[in-house]
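The values are calculated or read from the model by the stated rules, or taken from the named source; none is laboratory data. Worth saying up front: this structure is predicted, and the values here are computed from it rather than measured. Glycine also receives a Cβ, built like all others from the backbone with ideal geometry; neighbour counts cover every protein chain displayed.
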Amino acid sequence: METIKIRWYSRAGQGGITAASFLANIAAENNFFVQSFSEFGAEKRGAPVTVFSRISEKKIESIHPVLKPNLLVIMDMTLLKSGEILEEEIFSGVDQNCKILINAENNNFSFSLKNNEIFAVPASKIAIAELGKNIPNIAMLGAILKLFPSFNFDIFAEKISEKLKKIFPKKIFDGNLKAFYRGAKEFFKITSSDKEKKITKTKKNIVKKNWKNLPMGGNISSGNSDDYCTGNWSPQKINFLPKKCIQCGMCFALCPDGAIKIKDKKIVGVDKKICKKCGICVNHCPVKALEID
Ligand code: SF4
Ligand code: SF4
């Protein structure tokens, strides 16, 4: 069996690291040699995360990030659109033999690969239906296991079920297990005509800088949140209810991204371009003048 090399792109909170480590642990229990490690910048919910996995029947000697993957997993397509990770970086080392698995419900995506086998799984939709939350990792894992016939799907599925059962209460366990089997069943191949239709240039520079381009060592000359438009990290939105607000300033003090807008010394709302919907302000507002939608 050729070494399986997977490069995953996700956001903190979507469970990319957890899915990769589930896969590695179960493969190790089934006598494979494995690696799973990650790379991320600011440790904030919603921040881009890259994970590297290797699974092999032979001892793995490489210890560097996966440079030439045979599976690229993109758990959040907004990463591609926003430029938080540059398209060149996501597709670096991707040759024609590399399969691509994206989290998408339909063919409404755009990237510039023509010859690779591209698969999609509606993992976020499944996760929201089964768990009530956009945590697409386990649905994607179901599809990943189907993509590699060298994994015995039934054995891996049983192990995943055991692991989930140990970690989660029954309701979340049930939801995750359903998401896993739905991911394995509902993933589909993007046909070449779809690809031809959809290939367009990815919008670049919506985010002016990604975290790797920001000045190092705290020497931030231009301010980072202004440059870093984190508002597209979540499909949710924060509603500000001015009539309820008592102007305590708690949200302004706690927002990690400076997204609370002030005018004439008054809180007047939330900057949609920057607010990443972490929910901190909502949880701490004493009068429920902020709501997450
Ligand atoms: S949800 Fe609230 S605390 Fe979080 S980024 Fe948005 S405004 Fe700031
Ligand atoms: S925490 Fe709530 S009440 Fe206080 S300023 Fe913010 S929105 Fe207004």
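Remarks
- Qualifying residue in the range 226-240 (condition: over 19 Å from Gly46 (Cβ atoms), away from ligand 1 (no atom under 14 Å from the Cβ) and at pLDDT 85 or above): no
- Among the residues making up the range 258-290, those that are part of a loop (DSSP other than H, G, I, E, B) and either among the polar types (S, T, N, Q) or touching a Lys or Arg at 6+ places or on another chain (Cβ under 6 Å) (or both) are Asp271, Cys278, Val287, Ala289.
- In the range 36-62, the residues that are closer than 22 Å to Met77 by Cα form Cβ pairs under 8 Å with partners that are outside any strand (DSSP E or B) and of a type in the set (Lys, Arg), at six or more places apart or across chains, as follows: Gly41/Lys212; Lys44/Lys276; Arg45/Lys276; Gly46/Lys276; Gly46/Lys277.
- For the range 249-274, the tally of residues that are closer than 20 Å to Val287 by Cβ, in contact (Cβ under 8 Å) with a residue 24 or more places away in the chain and within 12 Å of ligand 1 (Cβ to nearest atom) stands at 8.
- Verdict on Lys244 being on the phi < 0 side of the Ramachandran plot and basic (Lys, Arg): yes
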